[in-house]
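Reviewing the structure listed below.
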Amino acid sequence: MGLLELFLAVIIVGASGLASAVPVAAWGRTGDARFGLVAGANLALLALGLVWLWGALPVTAPSYTSASTLALAVVALVALLLLATGIVPRRR
């Protein structure tokens, strides 16, 4: 994989890691299952991004760690949208 794939994998890891902070804190405070589900989705994307990041590094990695640029771009968009759910304030 090239530099673009490495960049997209880093975006996925960073955005999903940041996006998991607010739902994890809210889930711990309220115990509401909806926050747990959003946190779980973010943490799953974080794990997927870490696997793809491992595949993009110039080390010998198993074949299941490789991903196409299109798949990385779509997952990066999903991670950024999940990040936006925690950043954009609620309307009152």
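The values are calculated or read from the model by the stated rules, or taken from the named source; none is laboratory data. No experiment lies behind these values; they were computed from the predicted model shown. Neighbour counts are summed over all protein chains in view; Cβ atoms, including those assigned to glycine, are modelled from backbone coordinates with ideal geometry.
This table checks each residue for (1) touching a Leu at 6+ places or on another chain (Cβ under 6 Å); (2) part of a helix (DSSP H, G or I); (3) modelled with pLDDT under 90; (4) of a type in the set (Val, Ile, Thr).
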site: 28; (1), (2), (3), (4): no, yes, no, no
site: 34; (1), (2), (3), (4): no, yes, yes, no
site: 37; (1), (2), (3), (4): no, yes, yes, no
site: 46; (1), (2), (3), (4): no, yes, no, no
site: 55; (1), (2), (3), (4): no, yes, yes, no
site: 67; (1), (2), (3), (4): no, no, yes, no
site: 78; (1), (2), (3), (4): no, yes, yes, yes
site: 86; (1), (2), (3), (4): no, yes, yes, no
site: 90; (1), (2), (3), (4): no, no, yes, no
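Entry remark, segment 55-92: residues being among the aliphatic types (A, V, I, L, M) and over 16 Å from the mean Cα position of the chain (by Cα) number 4 in total. Taken over segment 20-52, residues that are surrounded by 22 or more Cβ atoms within 10 Å (Cβ to Cβ), more than 8 Å from the chain's Cα centre (by Cα) and touching a residue at least 40 places away in the same chain (Cβ under 8 Å) amount to 2. When the test is whether a residue is farther than 19 Å from residue 81 by Cβ and either without any contact (Cβ under 8 Å) to a residue 60 or more places away in the chain or in a helix (DSSP H, G or I) (or both), residue 4 passes it.
Residues in segment 7-26 that are assigned to a helix (DSSP H, G or I) and of a type outside the set (A, V, I, L, M) were compared, and the one that is farthest from residue 81 (Cα to Cα) is 7.
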